[in-house]
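Following: one structure in structure tokens, then a few remarks.
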Amino acid sequence: MTVRLPVFPLGTVLFPGLVLPLHIFEERYRELVRHLLARPEGAPREFGVVAIRAGWEVAAAGPPERPGLGGGEVTLHEVGCTAELRQVTELDDGGFDIVTVGRRRFRVVEVDDSAAPYLTAEVEWLPESTGPDEVADLLAARVISVFRQYLGLIRPDPEEVSEQLPEDPTVLSHLVAATAALTVADRQRLLAVDDTAGRLRAELRLLNREAALLRQVRAVPVPLTELAGPPAPN
């Protein structure tokens, strides 16, 4: 079974439970916000966020009643996450500053660029891990340990490393995927993993890879800025 969602292409990946603030300045997305605000009280006010594989999300200049899709053909990734509208601030110029929270993952079945001023898509919901999972619990403990080591390499302040991390394996997997310094491609692959244990395993590999690279950089005997400059006079 599929449902139709408004779709917002972005150059980033949204995960369930993570906050995504957005500045809405294009008319087609202003219309999307107005559409969501006009929904009856209690109706879901969410749209799909899908990372861009190729192209641009900013529309080229065009007729105001039918803006284009941006710099040529826009290709989207297959898996996205809905963003639930939580806070809206209307600006003097007619735009909006909004705060959204990721809610549920979906797979894009078909994209439609003609049904509304903004993109819409037929999507199918993806399964989420529910109930106790002993393997995921064990992997979560390992991910927390490796993630703290990773944070210690990128954050000089020890107090930033001691922050509380969620114990729930699924919530942890989404937080690590969203906050580690990963590429959009890495994050997209993590979003597409259907089970928590599989996502945590992939994150262990990625965190170990990133930590190894950071340790190599720290092992350079002189600052990289000095290596790039002229030799010091004798």
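Numbers for the structure displayed
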{"quantity": "Residue 114 hydroxyl-bearing (Ser, Thr, Tyr) and in contact with a Ser or Thr (Cβ under 6 Å, 6 or more places away or on another chain)", "calculated": "no"}
{"quantity": "Qualifying residue in segment 115-128 (condition: within 21 Å of residue 83 (Cβ to Cβ) and among the hydroxyl-bearing types (Ser, Thr, Tyr))", "calculated": "yes"}
{"quantity": "Enumeration of residues in segment 71-112 that are surrounded by fewer than 16 Cβ atoms within 10 Å (Cβ to Cβ), out of contact with any Gly (no Cβ under 7 Å at 6 or more places or on another chain) and polar (S, T, N, Q)", "calculated": "87, 89"}
{"quantity": "Of all residues making up segment 1-15, the number that are farther than 19 Å from residue 119 by Cα and either assigned to a strand (DSSP E or B) or open to solvent by less than 20 Å² (accessible area, probe 1.4 Å) (or both)", "calculated": "1"}
{"quantity": "Residues that are hydrophobic (A, V, I, L, M, F, W, C) and open to solvent by 40 Å² or more (accessible area, probe 1.4 Å), drawn from segment 180-191", "calculated": "181, 184, 185"}
{"quantity": "Pairs with Cβ under 6 Å, 6+ apart, first in segment 190-217 and closer than 17 Å to residue 135 by Cβ and touching a residue at least 12 places away in the same chain (Cβ under 8 Å), second polar (S, T, N, Q) and part of a loop (DSSP other than H, G, I, E, B)", "calculated": "195/129; 196/129"}
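The values are calculated or read from the model by the stated rules, or taken from the named source; none is laboratory data. This structure is a prediction, so every number in the text was calculated from the model and none was measured. Backbone-built Cβ (ideal geometry, glycine too); neighbour counts: all protein chains shown. Ligands, DNA and RNA are excluded from the accessible area calculation, which covers all protein heavy atoms including side chains. Shrake-Rupley method; radii C 1.70, N 1.55, O 1.52, S 1.80 Å.
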